1. It is to be established whether one or more residues within the stretch 8-31 are more than 22 Å from VAL136 (Cβ to Cβ), modelled with pLDDT of 95 or more, small (Gly, Ala, Ser) and surrounded by 10 or more Cβ atoms within 10 Å (Cβ to Cβ).
2. In the stretch 119-137, which residues are modelled with pLDDT of 95 or more and either among the polar types (S, T, N, Q) or in contact with a Ser or Thr (Cβ under 6 Å, 6 or more places away or on another chain) (or both)?
3. Surrounded by 11 or more Cβ atoms within 10 Å (Cβ to Cβ) and in contact (Cβ under 8 Å) with a residue 12 or more places away in the chain - does that describe any residue in the stretch 39-50?
4. With at pLDDT 95 or above and within 21 Å of ALA10 (Cα to Cα) as the only criterion, which of SER64, SER44, SER92, SER101 stands out?
5. Looking only at the stretch 103-137, filter to residues that are in a helix (DSSP H, G or I) and hydroxyl-bearing (Ser, Thr, Tyr); which one of those is farthest from LYS93 (Cα to Cα)?
Amino acid sequence: MWLVLALLSAVFAALVSILAKIGIEGVNSNLATAIRTVVVVIMSWGMVFLTNAQGGISSISQKSWIFLILSGLATGASWLCYYKALQIGEASKVVPIDKLSIIFTIVLAVLVLHETVTTKAIVGCAFIAMGTLMMVL
């Protein structure tokens with residue numbers, strides 16, 4: 001099931017890029033990000049109530065709160081940068097560079113989470129980096 005959800009995530013992420021590029025024409029990128037964020041907040045809380053998960057709020061640990069808030073701040077910073085880059089750059093170049101986050105995530109997973117990385121993953125990261133470079137030059 002995780003594979004299906006991951007593929008759907010990729011499809012929706014592609015739609016985000018295209019729809020955002022069209023939608024931000026003539027709109028301040030910070031305002032566009034705020035509008036997008038409101039939609040995501042409404043949709044997210046809708047799913048919480050639809051699945052009756054709101055009761056779990058009281059059981060969230062302080063550590064989880066801190067890291068979820070930090071993750072939210074990182075999300076906001078990412079979206080602000082992404083929308084501005086998308087507004088002034090070509091989607092076909094901005095999106096591949098944004099996907100370098102895969103490499104950064106693997107490096108951080110090793111450094112922070114102490115995950116192991118395989119030779120196959122290193123080779124894959126090298127291909128991602130080379131492919132990105134080829135697409136943006």
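The values are calculated or read from the model by the stated rules, or taken from the named source; none is laboratory data. A quick note: this is a predicted structure, and the numbers were derived from the prediction, not measured. Neighbour counts run over all protein chains shown; Cβ positions are idealised from the backbone, glycine included.
1. The answer is no, given that none of the residues of the stretch 8-31 is more than 22 Å from VAL136 (Cβ to Cβ), modelled with pLDDT of 95 or more, small (Gly, Ala, Ser) and surrounded by 10 or more Cβ atoms within 10 Å (Cβ to Cβ).
2. THR119, the sole residue that qualifies.
3. no
4. Details: SER64 fails: within 21 Å of ALA10 (Cα to Cα); SER92 fails: at pLDDT 95 or above; SER101 fails: at pLDDT 95 or above.
Within the list SER64, SER44, SER92, SER101, the selection yields SER44.
5. Looking at residues that are in a helix (DSSP H, G or I) and hydroxyl-bearing (Ser, Thr, Tyr), I get THR119.
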